[in-house]
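Taking it in order: structure first as structure tokens, then the write-up.
The values are calculated or read from the model by the stated rules, or taken from the named source; none is laboratory data. Given the structure is predicted, the values throughout are model-derived calculations rather than measurements. FYI the Cβ positions are ideal-geometry reconstructions off the backbone, even for glycines, and counts take in every protein chain you see.
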Amino acid sequence: MTGPAHFSTRAARAGINRDPGHQGVVAPIAISSAYQRADPNSPGPYDYARTAAPGRDLLAEAIADLEGARGAVTVSSGMAAIDLVLNLVGSHARIVCAHDVYGGTRRLIDARAEQRGWQVDYVDCTRTAALKAALNTPANLVFLETPSNPRLRITDIETACKLANAAGAISVVDNTVLSAALQKPISLGADLTVASVTKMLNGHSDMVGGVVCATDPDHIEALKWWANAAGATTGGFDAFLALRGLRTLPLRAQAQSETALDLAERLSAHPKVTRVDYPGLTPHPGHQIAKAQQSGFGCLLSLELEGGPKAATRFVQSLQLFTLAQSLGGVESLSNIPATMTHASMTPEARTEAGISDTLIRLSVGLEDVDDLWADLATGLNALRTRAAKRRGWKADYDDFRAWEPVKQKAGWEK
């Protein structure tokens, strides 16, 4: 009997009926560090938990299936997954990397480049001409992130991977923001995908993990070897939690995407918001590509406000439902100022190049009711206006947008 064809069924069945010991519907948490041998010269399927463990194998198998990969290796964090991939290229290699990757990714690649003598070229991979020009010279690895975090730029995965292949490079796509529920880079030609399991895949902000999925058996074996050698593999309890999260991934991803789009549209119409980055909005420069290669637009959006960095800080500190914290993809909504939080490790010059200003705010939309989330955002936006009015000695009911119009007219401000 072949497996179920539908993604939601495969996700819901992740790790189900895979308990060989007691036939539990849900596989038990495997926490043993060592496994008994019958013969000192012949190990069984499990020997030492750093090398292989039952729960970790179930998680890797499930994620590989959802990504459409031949195999996967799960590790201790998303950054450990990226570092694992970097072991596939040797000293003095050439790497072409998206210029607006996650700040921790850039920090790691820069550090490894200095250590191993790599040439790293950061390129705006959303511009096919720029990527093509960069790959006129042979490369060993091309690292893409789409949608990018936090500006939500979109790279044409199929075109980029064809260019990478023609240049002799391994193509890697960071699929953390969307997960396999909304985007499948391997079906578009990627050799490898990486993801922080911590984020959308797990979805509950209660474990840390990473995964690399691959199509080439040689890559899979090399990745397993390095994961074991470095000891960066996933723990038993973390594997159990991630498997549990996978079972609701399709429902979460769809619901969070719908709410994020609704909020992005409302924010775009607000007079205090100067820009919203969300690929689901038709004016977004990557909207058409996103529609073609994604099955949803994701939970992440970013925005900028009038008033500079102080206004951005006041805004996030006034929110109640959007917790100020460094993560994304969980069932709870989060807010973040990337320049001082998730991307603080980047130099100011690198942040400028990536379009990450000091006023940029990133929101990760959870599963709360959309109207409650909008009320929270509206309260934060109104708080900015109230504070400005108080400085000028004005009084008005700022909970009603109509009350704002006479104030603006009196002050001679434009909307």
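Listing for the model above:
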item: Within the stretch 288-330, considering residues that are of a type in the set (Val, Ile, Thr) and surrounded by 19 or more Cβ atoms within 10 Å (Cβ to Cβ), the one nearest to the chain's Cα centre (by Cα); result: Ile289
item: Helices (runs of 4 or more DSSP H) enclosed by the stretch 39-136 - at least 2 residues per element that are touching a residue at least 12 places away in the same chain (Cβ under 8 Å) and within 18 Å of the chain's Cα centre (by Cα); result: 54-67, 78-86, 103-116
item: Pair list, Cβ under 7 Å, 6 or more apart: the stretch 257-274 residue of a type in the set (Asp, Glu), other residue assigned to a helix (DSSP H, G or I); result: Asp262/Val370
item: Ala14, sole failed condition from (1) surrounded by 15 or more Cβ atoms within 10 Å (Cβ to Cβ); (2) in contact with a Pro (Cβ under 9 Å, 6 or more places away or on another chain); (3) assigned to a loop (DSSP other than H, G, I, E, B); (4) of a type outside the set (Val, Ile, Thr); result: (2)
item: Search result, residues across the stretch 277-286 that are surrounded by 14 or more Cβ atoms within 10 Å (Cβ to Cβ) and more than 18 Å from the chain's Cα centre (by Cα); result: Leu281, His284
item: Verdict on Ala311 being of a type in the set (Gly, Ala, Ser), over 26 Å from Lys184 (Cβ atoms) and in contact with a strand residue (DSSP E or B) (Cβ under 9 Å, 6 or more places away or on another chain); result: yes
item: Residue within the stretch 243-259 that is modelled with pLDDT of 95 or more, in contact with a His (Cβ under 7 Å, 6 or more places away or on another chain) and aliphatic (A, V, I, L, M) present; result: no
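The rows are residues; the columns are (1) surrounded by 20 or more Cβ atoms within 10 Å (Cβ to Cβ); (2) within 22 Å of Asn175 (Cα to Cα).
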| residue | (1), (2) |
| --- | --- |
| Leu59 | yes, yes |
| Leu66 | yes, yes |
| Ala72 | yes, yes |
| Gly78 | yes, yes |
| Gln119 | no, no |
| Thr128 | no, yes |
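Yes/no per residue for (1) in a loop (DSSP other than H, G, I, E, B); (2) within 19 Å of Gly236 (Cβ to Cβ); (3) modelled with pLDDT of 95 or more:
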| position | (1), (2), (3) |
| --- | --- |
| Ala5 | yes, no, no |
| Thr9 | no, no, yes |
| Pro20 | yes, yes, no |
| Arg37 | yes, no, no |
